[in-house]
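Before any comments, here is the structure.
Read-outs throughout are calculated quantities, based only on the coordinates presented, and are distinct from any laboratory measurement. Predicted, not measured: the structure shown is a model, and the values here were computed from it. We place every Cβ from the backbone using ideal geometry, glycine too, and count neighbours over all the protein chains shown.
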Amino acid sequence: MSTQEKRQRRRSSKRHEKSIIREFSLEIFIGVIFLFGVFLLFEEMEIKTYVFQGLVSFFKSITNGFSNFLGFILGTAGEFETSDIVGTMLIVVAFILLTYRVRQKAIIRLHDLEECPDCGGDLKHIHRTLIQRIASRIFFIKIRRYQCNDCEFDGLRMRAKQSR
């Protein structure tokens with residue numbers, strides 16, 4: 001084995017080694033937290049007062065924002081009748097149920113795609129379109145796109161996402 005081959009072998013093996021910072025990142029983070037805790041115990045500044053005032057003002061702004069939002073919603077809701085609100089909720093429920101039914105039908109219809117339905121040839125997996133990616137996210141399904149090696153068939157397979 002020549003010296004050049006040995007150098008190449010050493011270089012390729014170093015590429016896959018983890019850096020010390022990546023390998024011990026959790027330990028470094030724990031050390032920084034420990035040192036910050038020690039600093040806070042022995043410091044003479046009034047950090048506690050600043051932190052407390054910051055937290056109080058943060059929670060005051062959140063409660064004021066929530067109060068304003070709730071007042072806007074209740075003020076707007078006062079303009080609608082109860083039947084309008086119930087009707088809107090029924091339309092939303094109907095839309096959700098229709099979406100669920102379309103999802104179930106698509107999964108049943110496009111569940112099995114092992115070979116080309118036109119010629120029986122082998123299929124290869126190809127990239128999905130943007131619309132198929134969006135539909136996969138909206139309907140919570142796995143969509144895979146296939147193309148036949150022998151003919152011009154292009155099809156989809158859909159399956160329900162498995163919960164982990």
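One table, with the values for the structure above:
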quantity: Charge dipole magnitude, Cβ of K and R +1, D and E -1 - the chain, Cα centre, debye nearest 20; calculated: 1000 debye
quantity: Size of the range 48-109 as Cα extents on the principal axes (Å, biggest first); calculated: 63, 35, 8
quantity: Radius of gyration, Dmax [the range 113-164; alpha carbons; angstrom]; calculated: 12.1, 37
quantity: Where Cα atoms sit under 24 Å apart: lysine pairs in the range 25-164 separated by 8 or more or lying on different chains; calculated: 6
quantity: Rg ratio (alpha-carbon, reference 2.2 N^0.38 Å) - the chain; calculated: 1.97
quantity: Lysines whose Cα lies under 25 Å from that of Lys18, excluding same-chain neighbours fewer than 8 positions away; calculated: Lys6
quantity: The chain - mean residue ellipticity at 222 nm from DSSP helices (-39,500 (n - 2.57) per run, n ≥ 4, rounded to 500); calculated: -21500 deg cm²/dmol
quantity: Farthest positive-ward along the chain dipole, Cα basis, beta-carbon charges - from Leu40, Ala135, Cys151; calculated: Cys151
quantity: Among Asn64, Ala106, Ser83 the positive-end extreme of the charge dipole of the chain (Cβ point charges); calculated: Ala106
